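Below is one structure, written out as structure tokens; comments come after it.
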Amino acid sequence: MPYTKTHKSKTRNKILECAFRLFAIKGFNGVTIDEVMNNGGLTRGGFYAHFSSKAELYSEALKFAATSTKLASLKPNHLSDQQWLCLLLNEYLSVEHVQGKHPCPLAFLATDINIKNDEVNTAYANTYQGMNTAIMEYAKSYTRCDEQDILSVTAMIIGAVAIARTLKDQGAIENLLAACRREAGAKLGGV
């Protein structure tokens, strides 16, 4: 008896969750298809019912993770655009985020931006552009910041989280995050 569409969708999501988690820890080159499937309690043969290659899996896992971030969520009606951006910025530049609670695919996969694979690079670039577009949509309603302001903010906060993940000193992590919150807040009109 063939699997239902619901079963296939759940299996695909399970593969994507496992893949993102492993890619975030080991990077694109450090993860195998067998490892992803074993991690999800699945067989390698099942992989090809959902994806044609590891690069496609990476691309889809990146998109899957990006759509699961708070930035991709709808802004609560009781918050202004400025309040929402402030909340997002504070959560993004937090110790909890650095430790991996709801990780941003851009910061957690930063080591993969020099991979020699067009599909992987395109997925990363598209996710980065989506982040910029979403932040600009909120920021333009209350501030005069422009695209270059947004680009500098997103590059800074992604880099800050990526760097903070390598630091061992809690004080250094907190100082880095606080400095970037201050700078990003100033660029985004005082969030």
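Out of the residues in the stretch 53-79 that are among the small types (Gly, Ala, Ser) and in contact with a Pro (Cβ under 7 Å, 6 or more places away or on another chain), which is surrounded by the fewest Cβ atoms within 10 Å (Cβ to Cβ)?
ALA66
A count restricted to the stretch 58-89 and to residues that are closer than 22 Å to LEU109 by Cβ and of a type outside the set (A, V, I, L, M, F, W, C) stands at 9.
All conditions in (1) surrounded by fewer than 21 Cβ atoms within 10 Å (Cβ to Cβ); (2) outside the structural domain of CYS18 (by TED's automatic domain parsing); (3) in a helix (DSSP H, G or I); (4) free of Cβ contacts under 8 Å to residues at least 60 places away in the same chain hold for THR111, with the sole exception of (4). When LEU74 is tested against the conditions (1) farther than 29 Å from GLU174 by Cβ; (2) outside the structural domain of THR133 (by TED's automatic domain parsing), the lone failure is (2).
Taking the criterion of being touching a helix residue (DSSP H, G or I) at 6+ places or on another chain (Cβ under 9 Å) and part of a loop (DSSP other than H, G, I, E, B), the residues of the stretch 50-67 that qualify are HIS50, PHE51, SER53. Restricting attention to the stretch 1-25, the residues being surrounded by 13 or more Cβ atoms within 10 Å (Cβ to Cβ) and under 15 Å from the mean Cα position of the chain (by Cα) number 9.
Only residues that are assigned to a loop (DSSP other than H, G, I, E, B), closer than 21 Å to ILE115 by Cβ and not hydroxyl-bearing (Ser, Thr, Tyr): list them for the stretch 1-49, please. Steps first, answer last, please.
First, the residues of the stretch 1-49 that are assigned to a loop (DSSP other than H, G, I, E, B): 1-4, 27-32, 40-43, 48-49.
Restricting the remaining residues to those that are closer than 21 Å to ILE115 by Cβ gives 27-32.
GLY27, PHE28, ASN29, GLY30, VAL31 - these are the residues of the stretch 1-49 that are assigned to a loop (DSSP other than H, G, I, E, B), closer than 21 Å to ILE115 by Cβ and not hydroxyl-bearing (Ser, Thr, Tyr).
What are the residues in the stretch 33-52 that are surrounded by 13 or more Cβ atoms within 10 Å (Cβ to Cβ) and in contact (Cβ under 8 Å) with a residue 12 or more places away in the chain, if any? ILE33, GLU35, VAL36, MET37, ASN39, GLY40, LEU42, GLY46, PHE47, HIS50, PHE51 - these are the residues of the stretch 33-52 that are surrounded by 13 or more Cβ atoms within 10 Å (Cβ to Cβ) and in contact (Cβ under 8 Å) with a residue 12 or more places away in the chain.
Got at least one residue in the stretch 163-186 being aliphatic (A, V, I, L, M), part of a loop (DSSP other than H, G, I, E, B) and out of contact with any Phe, Trp or Tyr (no Cβ under 6 Å at 6 or more places or on another chain)? Spell out how you get there, then give the answer.
To start, the set of residues in the stretch 163-186 that are aliphatic (A, V, I, L, M) comprises 163-164, 167, 172-173, 176-179, 184, 186.
Imposing the further condition that a residue be part of a loop (DSSP other than H, G, I, E, B) reduces the set to 167.
Going one step further and asking which of them are out of contact with any Phe, Trp or Tyr (no Cβ under 6 Å at 6 or more places or on another chain), we end up with 167.
Within the stretch 163-186, one or more residues are aliphatic (A, V, I, L, M), part of a loop (DSSP other than H, G, I, E, B) and out of contact with any Phe, Trp or Tyr (no Cβ under 6 Å at 6 or more places or on another chain).
Looking for something modelled with pLDDT under 90, over 20 Å from LEU16 (Cα atoms) and exposed (fewer than 15 other Cβ atoms within 10 Å of the Cβ) - is there at least one such residue anywhere in the stretch 161-181? Looking through the stretch 161-181, none of the residues is modelled with pLDDT under 90, over 20 Å from LEU16 (Cα atoms) and exposed (fewer than 15 other Cβ atoms within 10 Å of the Cβ). Of all positions in the stretch 133-148, none carries a residue that is outside any helix (DSSP H, G or I), at negative phi and aliphatic (A, V, I, L, M).
Quick grid of which residues meet (1) farther than 25 Å from THR133 by Cα; (2) charged (D, E, K, R); (3) modelled with pLDDT of 95 or more:
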| site | (1), (2), (3) |
| --- | --- |
| ILE15 | yes, no, yes |
| PHE20 | no, no, no |
| ALA24 | no, no, no |
| GLY40 | yes, no, no |
| ARG44 | yes, yes, no |
| PHE47 | yes, no, no |
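The values are calculated or read from the model by the stated rules, or taken from the named source; none is laboratory data. The structure presented is a predicted model; accordingly, all values stated were derived computationally and were not measured. Note that we place each Cβ from the backbone using ideal geometry, even for glycine, and neighbour counts take in every protein chain shown.
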